[in-house]
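Right, one structure below, let's go through it.
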Amino acid sequence: LPSALVNKSDAQSDKGAIGGIFFMAVTLVLVSVSCAGPIVGSVLIKSTSGEVWSPIITMLAFSTAFALPFTIFAFFPSMLKKLPKSGGWLNSVKVVLGFIEVALGFKFLSVADQVYHWNLLDREVYLAIWIVVFSLLGLYLLGKIKFAHDSEMKHLSVGRLALAIGVFTFVVYMIPGMWGAPLKALSGYLPPLSSQDF
């Protein structure tokens with residue numbers, strides 16, 4: 001949807017009272033509709049074909065995920081005050097999620113590549129891209145790469161180190177795939193083994 005529509009709705013949410021709450025909810029819907037479309041669309045198709053329980057359970061899980069944070073903070077407003085203020089940690093979360101989004105973006109490009117037979121993203125090219133993306137993510141977590149809005153990191157926290165170890169372990173796991181290892185844990189994300197050239 002156009003960003004102007006989202007910005008207008010978000011500006012109305014600052015007014016307070018019931019109208020502000022309404023426009024806050026509208027803004028949430030406008031922002032999340034692009035992610036929700038594939039899930040809700042597939043559920044609607046299932047419901048029109050006669051399935052009953054699968055659409056009910058999916059929509060219940062989907063609506064609970066959206067409603068739960070608002071419900072918890074409405075019942076326990078003191079928890080809202082205890083939340084940490086945004087700052088460097090939130091920027092780090094956004095950067096980490098950005099790296100993951102780039103990697104998953106190549107998954108969707110790979111699907112298009114297979115459908116249209118472009119043969120641009122063979123299995124080893126795809127794996128090489130993922131190895132580089134996740135290696136850069138690991139270096140970012142260790143503080144070796146910095147971005148514009150990152151705050152100064154005086155020491156490496158245990159959580160960040162654990163995440164970096166997990167990311168580098170994942171990179172080491174992917175490396176044998178460059179020479180044809182099946183990598184069964186990633187079989188749903190990788191191009192088929194038949195596209196392996198190297």
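The values are calculated or read from the model by the stated rules, or taken from the named source; none is laboratory data. Keep in mind that what you see is a predicted model, and the values were worked out from it rather than measured. Using ideal geometry, Cβ is built from the backbone for each residue, glycine included, and neighbour counts are taken over all protein chains shown. With ligands, DNA and RNA removed, areas are computed over all heavy atoms of the protein, side chains included. Shrake-Rupley method; radii C 1.70, N 1.55, O 1.52, S 1.80 Å.
Observations
- Listed conditions (1) under 21 Å from the mean Cα position of the chain (by Cα); (2) farther than 30 Å from Asp197 by Cα; (3) basic (Lys, Arg) are all met by Lys154, apart from (1).
Results for (1) among the hydroxyl-bearing types (Ser, Thr, Tyr); (2) open to solvent by 80 Å² or more (accessible area, probe 1.4 Å), shown as yes or no for each residue.
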position: Leu139; (1), (2): no, no
position: Lys154; (1), (2): no, yes
position: Leu163; (1), (2): no, yes
position: Tyr173; (1), (2): yes, yes
position: Met178; (1), (2): no, no
position: Ala181; (1), (2): no, no
position: Leu193; (1), (2): no, yes
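- Within segment 25-58, the residues that satisfy the criterion of being in contact (Cβ under 8 Å) with a residue 12 or more places away in the chain and of a type in the set (A, V, I, L, M, F, W, C) are Val26, Leu28, Leu30, Val31, Val33, Ala36, Ile39, Val40, Val43.
- Meeting the requirement of 2 or more residues that are over 18 Å from the mean Cα position of the chain (by Cα) and farther than 28 Å from Leu163 by Cβ, the helices (runs of 4 or more DSSP H) wholly within segment 23-141 are 53-75, 77-82, 88-116.
- Residue match in segment 104-112 (condition: of a type in the set (A, V, I, L, M, F, W, C), open to solvent by 60 Å² or more (accessible area, probe 1.4 Å) and modelled with pLDDT of 90 or more): yes
- Within segment 14-65, restricting attention to residues that are among the hydroxyl-bearing types (Ser, Thr, Tyr) and under 24 Å from Phe108 (Cα atoms), the residue that is surrounded by the fewest Cβ atoms within 10 Å (Cβ to Cβ) is Ser34.
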